[in-house]
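See below for the structure under consideration.
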Amino acid sequence: MITRDLSQDVHFFAAALSETLVSVWEEDPSGEYFEVERGIIDRYTADYVRVRNVESGVRTHYSRDTAMFKRI
(Lines give C-alpha, C1' and ligand atoms only; values in the text may rest on other atoms or scores of the structure.)
Protein backbone atom coordinates (compact mmCIF):
# COMPACT_ATOMS: atom_id res chain seq x y z
CA MET A 1 0.00 0.00 0.00
CA ILE A 2 1.40 3.40 -1.00
CA THR A 3 0.64 6.33 1.28
CA ARG A 4 1.43 10.00 0.82
CA ASP A 5 1.68 12.56 3.59
CA LEU A 6 -0.72 15.48 3.52
CA SER A 7 0.71 18.70 4.91
CA GLN A 8 -0.13 21.64 2.66
CA ASP A 9 -3.49 23.25 1.96
CA VAL A 10 -3.36 22.07 -1.65
CA HIS A 11 -2.97 18.45 -0.43
CA PHE A 12 -6.01 18.74 1.86
CA PHE A 13 -8.02 20.48 -0.86
CA ALA A 14 -7.29 17.77 -3.44
CA ALA A 15 -8.05 14.97 -0.96
CA ALA A 16 -11.32 16.61 0.11
CA LEU A 17 -12.40 17.35 -3.45
CA SER A 18 -11.72 13.81 -4.65
CA GLU A 19 -13.09 12.23 -1.43
CA THR A 20 -9.84 10.30 -1.04
CA LEU A 21 -9.57 7.97 1.93
CA VAL A 22 -7.07 9.31 4.46
CA SER A 23 -5.64 7.93 7.68
CA VAL A 24 -4.98 10.07 10.74
CA TRP A 25 -2.03 9.31 13.01
CA GLU A 26 -1.33 10.68 16.50
CA GLU A 27 1.67 10.31 18.79
CA ASP A 28 1.34 8.31 22.00
CA PRO A 29 3.21 9.14 25.24
CA SER A 30 6.15 6.91 24.24
CA GLY A 31 6.66 8.88 21.01
CA GLU A 32 5.26 6.24 18.65
CA TYR A 33 2.64 7.15 16.06
CA PHE A 34 -0.51 5.06 15.73
CA GLU A 35 -3.50 5.26 13.41
CA VAL A 36 -6.57 6.73 15.11
CA GLU A 37 -8.97 7.21 12.21
CA ARG A 38 -9.71 6.48 8.57
CA GLY A 39 -12.08 8.67 6.71
CA ILE A 40 -12.82 11.40 4.23
CA ILE A 41 -11.77 15.03 4.75
CA ASP A 42 -14.89 17.16 4.70
CA ARG A 43 -13.42 20.41 6.03
CA TYR A 44 -10.03 21.90 6.81
CA THR A 45 -8.60 25.16 8.10
CA ALA A 46 -5.07 26.39 8.80
CA ASP A 47 -5.31 24.74 12.24
CA TYR A 48 -7.67 21.75 12.01
CA VAL A 49 -8.85 19.01 9.66
CA ARG A 50 -12.30 17.49 10.07
CA VAL A 51 -12.50 13.85 9.04
CA ARG A 52 -15.71 11.87 8.51
CA ASN A 53 -15.24 8.25 9.58
CA VAL A 54 -15.99 5.89 6.69
CA GLU A 55 -17.75 3.33 8.87
CA SER A 56 -19.68 5.36 11.42
CA GLY A 57 -20.08 8.73 9.68
CA VAL A 58 -18.89 10.51 12.84
CA ARG A 59 -16.96 13.73 12.18
CA THR A 60 -13.87 14.45 14.28
CA HIS A 61 -11.51 17.46 14.31
CA TYR A 62 -7.74 16.88 14.38
CA SER A 63 -5.06 19.49 14.91
CA ARG A 64 -2.71 19.94 11.98
CA ASP A 65 0.05 20.67 14.51
CA THR A 66 -0.19 17.35 16.36
CA ALA A 67 -1.71 14.83 13.94
CA MET A 68 -0.19 13.32 10.81
CA PHE A 69 -2.38 12.77 7.76
CA LYS A 70 -1.75 10.23 5.00
CA ARG A 71 -3.58 9.61 1.76
CA ILE A 72 -4.29 5.92 1.34
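The values are calculated or read from the model by the stated rules, or taken from the named source; none is laboratory data. What you are looking at is a predicted structure, and each value in this text was computed from that prediction instead of being measured. Because the Cβ atoms are built from the backbone with ideal geometry, glycine has one as well, and the counts that use them run over all protein chains shown. The protein model used for the area step is the full one, side chains on, heavy atoms only, and it has no ligands, DNA or RNA in it. Shrake-Rupley method; radii C 1.70, N 1.55, O 1.52, S 1.80 Å.
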Subject >> Distance in nm between pseudo-label sites at Arg43 and Ser30 (7 Å out along the Cβ direction from Cα) >> reply: 3.6
Original post:
How far apart, in nm, are the 7 Å Cα→Cβ label points at Glu55 and Leu17?
Top reply: 3.1
**OP:** Identify the GluC sites (Glu not before Pro) of region 21-72 meeting these criteria: DSSP loop state and at most 11 other C-beta atoms within 10 Å of the C-beta.
**Re:** Glu32, Glu55
**OP:** Compare Leu17, Leu6 by solvent-accessible area with a 1.4 Å probe and give them largest first, with all protein chains kept in place.
**Re:** Leu17, Leu6
Original post:
Per residue, what accessible area does region 7-72 have, given a 1.4 Å probe and all protein chains present, in Å²?
Top reply: 64
**OP:** Please find, in a Gaussian network model of the chain (springs between Cα atoms separated by less than 10 Å), the residue of Thr60, Thr20, Thr45 whose mean-square fluctuation is greatest.
**Re:** Thr45
Original post:
Direction-averaged shadow area of the convex hull around the Cα atoms of the chain, nm²?
Top reply: 4.8
Original post:
Once every DSSP H run of n ≥ 4 in the chain is given -39500 (n - 2.57) and the sum is divided by its residues, what mean residue ellipticity at 222 nm do you get, rounded to the nearest 500 deg cm²/dmol?
Top reply: -3500 deg cm²/dmol
Subject >> Amide H contacts under 5 Å for Val36, placed H, 5+ residues apart >> reply: Val24, Trp25, Glu26
